[in-house]
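The structure appears right after this line, and notes come after that.
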Amino acid sequence: MVQQVEAGTEGQAKEPKKRYWSPDSAGNDPQAVAEIMAKAEQEKVRFINLQFTDLMGIVKSVAIPLHQFEDACLNGKWFDGSSIEGFVRIAESDMFLVPDLATWAVMPWERGEESTARAICWVYQPNGELFDGDPRHVLARALDHAAALGYKFNTGPELEFFLFRTLGGNVLQETHDRGSYFDLTGDLGANVRKDMVNALEGMGIKVETSHHEVARGQHEIDFEYDNALTTADSAVTLKYTLKAIAARHGLHCTFMPKPIFGINGSGMHTHQSLSGMDGGGNLFADADDPYGLSSMARKFIAGQLKHARGMCAVLAPLVNSYKRLVPGYEAPVYISWARTNRSALIRVPKNRPGKPQAARVELRCPDPASNPYLAFAVMLRAGLEGIENDMEAPEPVEENLYHFDETERRRRNIQTLPASLPEALAEMERDELVRETLGEHIFERLLEAKRDEWDDFRMRVTQWELDRYLDTY
């Protein structure tokens, strides 16, 4: 869990306590461990998957029998970190996992006489300190920074996905249905989504809505708004849960940002707000403001707009991500904010009547291929910089930005997001706040991995090139 820190007065940071856990002492409260063990026996749990994510947000897991779980909770479970993307070199391989008991859940599709549960873990170094290369720790560190200022960070990510047909274990480039937004009659995925919702709720995730999205074969399932660590855990859980349920229906679920040319891609629009550490209300809310936003919320927006280009490689991390971030498909390209304008990077959803405390801002460029721990961390720190430096947000732009020509965009000083992964990486390398937020370890390894990805892509001969050039030249 996020460490307890002594919060200063609002906006005034105090030094956070150092995170440290000694392998010679208890990693979890023995009473809490005993309660989980009793619950596991009652639910016929035989195996526990100890989970964490690598640098790219891919879930990694080691399965242990139940009789090993108590010792893992109290003393940690050792593993080889050198084999994990973005972790450590082979000479520094020994690391260990400590389960976060708040994440315990029995996996509904693996229930039976020998059920399987999961627990998301913290990753530790041999000296007992939390590992700087653990993406979950990066988010926890950013949340500690917010707590030291007196704030809690709340998020609500909306993950879109496609369902493709499969044949003989191979994924076909054919969507499961040809439905459209909120479709009913043409939505063949409705029953699949019901099973997905049941599985998510069985994992302790409170689902709010599920529906067909704009593109054929595209869907969305949204879950409850909560603190950023919980929602990042939920986003990671949602991805592998949906893949598991889709496979049971003979389908493939993909969170690839742009799997089909010419139709909408998949985003992870993320709603955000701050509340007080003292249990106070929504610090973004101001019922007297035309947009329902406090001055703090506007400063938060200003910080995110300033760092939009620098954090884009974290929020949209694939070569393919930049085939989604193009004009014409409801994905943002221009760095601006607004209420009704969905071409803006940051949108202010309208509150329901009599619900001013629901004020929030929605960042629209993240996609579901991003690592939610890293994504939420840079989003938070960028917004906090706006508050800490008393930054002023530009005027909102409610017109359709896609109708502006270059002259008008220059007149209004509206920048664009990076158009490709290498451009985004160059911006990230120049952004000191992103470097500080991720930490040197993850920052350097992410740059290296993503540059390798781009090099691999740029050397490939694509079908587009063959179709365009082979007969002509």
Next on the checklist: So, residue 142, is that one at pLDDT 95 or above, part of a helix (DSSP H, G or I) and more than 27 Å from residue 199 (Cα to Cα) or not?
Outcome noted: yes
Here the qualifying pairs (Cβ atoms under 8 Å; residues six or more apart or on different chains; first in the range 275-286 and aromatic (Phe, Trp, Tyr); second in a loop (DSSP other than H, G, I, E, B)) come out as 284/294; 284/359; 284/360
Per the filter on the range 312-347, residues assigned to a loop (DSSP other than H, G, I, E, B), over 20 Å from the mean Cα position of the chain (by Cα) and at negative phi are 326, 327, 329, 339, 340, 341, 342, 343
With criteria (1) at pLDDT 95 or above; (2) among the hydroxyl-bearing types (Ser, Thr, Tyr); (3) surrounded by fewer than 17 Cβ atoms within 10 Å (Cβ to Cβ), residue 180 comes up short on (1)
**Message:** Take residue 414 and tell me if it is hydrophobic (A, V, I, L, M, F, W, C), in contact (Cβ under 8 Å) with a residue 24 or more places away in the chain, assigned to a loop (DSSP other than H, G, I, E, B) and buried (at least 17 other Cβ atoms within 10 Å of the Cβ).
**Reply:** yes
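To keep it simple, each residue is scored yes or no on (1) out of contact with any Ser or Thr (no Cβ under 6 Å at 6 or more places or on another chain); (2) over 30 Å from residue 458 (Cβ atoms).
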residue: 303; (1), (2): yes, yes
residue: 307; (1), (2): yes, no
residue: 338; (1), (2): yes, yes
residue: 343; (1), (2): yes, no
residue: 346; (1), (2): yes, yes
residue: 349; (1), (2): yes, yes
residue: 362; (1), (2): yes, yes
residue: 367; (1), (2): no, no
residue: 374; (1), (2): yes, no
Taking the range 81-99 and keeping residues under 21 Å from the mean Cα position of the chain (by Cα) and either at pLDDT 90 or above or open to solvent by less than 10 Å² (accessible area, probe 1.4 Å) (or both) leaves 87, 99
Screening 138, 106, 171 for residues that are β-branched (Val, Ile, Thr) and closer than 24 Å to residue 274 by Cβ leaves only 138
Exception for residue 322 within (1) of a type in the set (Phe, Trp, Tyr); (2) open to solvent by 30 Å² or more (accessible area, probe 1.4 Å); (3) closer than 25 Å to residue 446 by Cα falls at (2)
| message | Against the condition open to solvent by 90 Å² or more (accessible area, probe 1.4 Å) and at pLDDT 95 or above, how does residue 430 come out, does it pass? | response | yes
Residue hits (the range 445-459; among the charged types (D, E, K, R), within 17 Å of residue 310 (Cα to Cα) and open to solvent by less than 80 Å² (accessible area, probe 1.4 Å)) are 445, 450
Within the range 325-355, restricting to residues that are among the β-branched types (Val, Ile, Thr) and open to solvent by 10 Å² or more (accessible area, probe 1.4 Å), the one that is modelled with the highest pLDDT is 335
I'd like to check something: does the range 360-372 contain any residue that is more than 20 Å from the chain's Cα centre (by Cα) and either part of a loop (DSSP other than H, G, I, E, B) or within 18 Å of residue 318 (Cα to Cα) (or both)?
no
Exactly one of 102, 13, 117 is at pLDDT 90 or above and surrounded by fewer than 20 Cβ atoms within 10 Å (Cβ to Cβ), and that one is 102
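The values are calculated or read from the model by the stated rules, or taken from the named source; none is laboratory data. What you see is a predicted model; the values in this text were computed from it and never measured. Using ideal geometry, Cβ is built from the backbone for each residue, glycine included, and neighbour counts are taken over all protein chains shown. The protein model used for the area step is the full one, side chains on, heavy atoms only, and it has no ligands, DNA or RNA in it. Shrake-Rupley method; radii C 1.70, N 1.55, O 1.52, S 1.80 Å.
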